[in-house]
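As structure tokens, the structure follows; a few thoughts come after it.
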Amino acid sequence: MRKVLAISTPPTVRDLGEFALIDRINAGRTQGPAVRLGPGDDAAVLAAARGNYVVSTDMLIEDRHFRLDWSNPDEIGRKAIAQNAADIYAMGAEPVGYVIGLGVPGDTPVDFVTRLADGFWAEAERAGGSVAGGDIVHSAQLVISVTAFGDPLGDRPVTRSGAQVGGTVAIAGRPGWSAAGFALLSHAHPGVVRRNEDSTGGVVAAAVAAHRAPRPAYDLVRAAMVTGTRPEALTDISDGLLADLGHLAAASGVAVAVESVCLCDPDLELCAAELEADARQWILAGGEDHVFAGVWAAGVAPPPGWTPIGRIEAGRGVTVDGARYRGAGGWEAFSGSESAKSDHSR
């Protein structure tokens, strides 16, 4: 009798079930020292070493904040943790734990969720802290909600409201790269992006990678906080450099004067040339780089690794080279304004 070959298909989350899936993605993980009790009970238990927490939460929704044809699950997982960890560091704190709400369609392959969890843990290892728990539910599309808990690196958090007139504004990281990657992915088939990598010395690849999985300069914030060069004010650049500096200016009741010459980036110009785009617009208004912007008091030099880009003056708002910027300043979730945010519904 002729044998019939069985066709094996990868298991989906529907096949495995909620609790077996939770067991699968938590197996073999080692919790950080601040996690007193991790997954397995009704809630996690974290130690508050300094008596208080810094807490932040953020969401990523498929086809708005990421695309499955642009990013692999590891990159999506890393991005989800990075944008939350960056908010914790932007308060002068260090992450100690994350809880993650995950909505997935039932036909999602188990391997996809496992790789997503690998991304969560890989970025958590880089930023600090560990995944202490969460929830998994069925949903029509992939939705990720991360809540991060942080321990202040000092006697108190650093807020946006501490900037004083005469202070120096400096950044840690390279703004505009996520916007460049977004533009490249939006206007070119991935094969075109790959062909252009050689002609730009890998700059195109770096821009695309910056959009798929940003790498905030956590170490520079940590060093500033623990070496006695603590900033007066601090913020994470996620909505666009001018937009977030505007939030800092408003919170502090001051004006921020940016010098564009300090933001020139020849590598980013190579990406702009590929698309006949404006690198300056990416730098000033692009989002999702998770660059940090800090303010140091008059007479205090920003620490190594931070690039001065302007100063704090009396007044209100943000200027570029002494004038109000006429282009789009960044991202606002419901305004429809242009930015590097992966809002694919526009």
Exercise. For the range 230-300, which GluC sites (Glu not before Pro) are in a loop by DSSP, counting at most 15 other Cβ atoms within 10 Å?
Worked result: GLU259, GLU276
Exercise. Within a Cβ distance under 9 Å of VAL158, other residues only, what is the Lys/Arg minus Asp/Glu net charge?
Worked result: +2
Problem set entry | Residues with amide H under 5 Å from that of VAL320, placed H, sequence gap 5 or more | VAL258, TYR325
Exercise. Which ³J(HN,Hα) values in Hz, rounded to whole numbers, follow from the phi angles of the range 53-60 under the Karplus curve 6.51 cos²θ - 1.76 cosθ + 1.60, where θ = phi - 60° and Gly and Pro get x?
Worked result: 10, 9, 10, 9, 9, 8, 10, 10
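By the gyration tensor of its Cα atoms, with a ≥ b ≥ c the square roots of the eigenvalues, what is the shape of the range 143-183: rounded for a/c under 1.5, prolate for a/b over b/c, or oblate?
Oblate shape, in that a/c is at least 1.5 and b/c is the bigger or equal ratio.
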For this session: Find the accessible area per residue for the range 291-330; the probe is 1.4 Å, ligands and nucleic acids are left out, and the unit is Å².
Result: 49 Å²
Exercise. In terms of modelled amide H atoms, which long-range or inter-chain residues lie less than 5 Å from the amide H of VAL54?
Worked result: GLY150, ASP151
Seminar exercise, completed: Per residue, accessible area of the range 54-165 with a 1.4 Å probe, heavy atoms of protein chains only, in Å², comes to 35 Å²
Exercise. Rounded if a/c is under 1.5, else prolate if a/b is larger than b/c, else oblate: which is the range 228-277, with a ≥ b ≥ c the root eigenvalues of its Cα gyration tensor?
Worked result: prolate
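Tell me whether the range 23-127 comes out rounded, prolate or oblate; compute the Cα gyration tensor, take square roots of the eigenvalues as a ≥ b ≥ c, and use a/c under 1.5 as the rounded threshold.
oblate
The values are calculated or read from the model by the stated rules, or taken from the named source; none is laboratory data. Every value quoted in this text rests on a predicted model; they were computed, and no experiment measured them. All Cβ positions, glycine included, derive from the backbone under ideal geometry; neighbour counts span all protein chains shown. Only protein heavy atoms, including side chains, enter the accessible area calculation; ligands, DNA and RNA are left aside. Shrake-Rupley method; radii C 1.70, N 1.55, O 1.52, S 1.80 Å.
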